[in-house]
Amino acid sequence: MRFYGLALAASAIVLGACGGGDKKGADTTAGTTTDTAAATGATGATGATGAAPAGAAAPITGTTHTVNMVGDDKGYRYEPANVTVKQGDGIKFVMVSGGPHNVAFDPANIPDDVEPQLSANMPEQMSPLNGKLLVNPNETYTMSFANIKPGKYDYHCTPHLAMGMKGVITVQ
Ligand SMILES: [Cu+2]
């Protein structure tokens, strides 16, 4: 009788330990760290060949104008912000300060009959009509306005659009 009673008492303690073990917290913390890796990996994915496979780039046949990309305590801007070029000219954008900067056209604002050639004339696009980022001083981005129909073309800097870094290129 005494042995029996001890055995029951011992098994009750073991059962209690198993049933009361805390496994509840294990699954709640796993899902929080996945989004940042996906976001940072996105920029390098589409290279120059990722853009619309429209026409070939039309080379610059005229003057290459210079537009500086500047960010300082007066703000973010292209200098000059308004440039007039002749069809066949080019523009060399120079990263001066406050980068990264780029050159981007909103596809919604570009006429359908201009977009294929404009895209073909823009090297190294991150997405349609969205030029690569220039990070270091004196990096340049040169694009041709050959075979681009005369008109006014608004453009902007993707990283600084909200800060008003915009310009207008008029093609004559
Ligand atoms: Cu910028």
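Coordinate-derived values only; no laboratory data. These numbers come from a predicted model, not from an experiment. Cβ coordinates were reconstructed from backbone atoms using ideal geometry, including for glycine residues, and neighbour counts include every protein chain displayed.
Taking ASP154 and the conditions (1) within 16 Å of the ligand (Cβ to nearest atom); (2) farther than 19 Å from GLY99 by Cβ; (3) not in a strand (DSSP E or B), which numbered condition does it fall short on, given that it satisfies the others?
(3)
Do any residues in region 120-142 that are over 19 Å from ALA108 (Cα atoms) have Cβ atoms under 6 Å from those of residues that are of a type in the set (Val, Ile, Thr) and assigned to a strand (DSSP E or B), where the two are at least six apart or on different chains, and which pairs are they?
THR140/VAL94
So, in region 88-132, exactly how many residues are buried (at least 20 other Cβ atoms within 10 Å of the Cβ), of a type in the set (Val, Ile, Thr) and farther than 17 Å from GLY167 by Cα?
Counting residues in region 88-132 that are buried (at least 20 other Cβ atoms within 10 Å of the Cβ), of a type in the set (Val, Ile, Thr) and farther than 17 Å from GLY167 by Cα gives 0.
Looking at (1) more than 14 Å from the ligand (Cβ to nearest atom); (2) among the small types (Gly, Ala, Ser); (3) crowded, with 20+ Cβ neighbours inside 10 Å, find the lone condition where GLY167 falls short.
The failed condition is (1).
When you go through (1) within 14 Å of TYR141 (Cβ to Cβ); (2) in contact with a Phe, Trp or Tyr (Cβ under 9 Å, 6 or more places away or on another chain); (3) crowded, with 16+ Cβ neighbours inside 10 Å one by one for VAL85, which number turns out not to apply?
It is condition (1) that VAL85 fails.
Before we move on, is LYS149 within 18 Å of ILE60 (Cα to Cα) and part of a loop (DSSP other than H, G, I, E, B)? Walk me through how you get there before you give the answer.
Details: within 18 Å of ILE60 (Cα to Cα): yes; part of a loop (DSSP other than H, G, I, E, B): yes.
Yes, satisfied.
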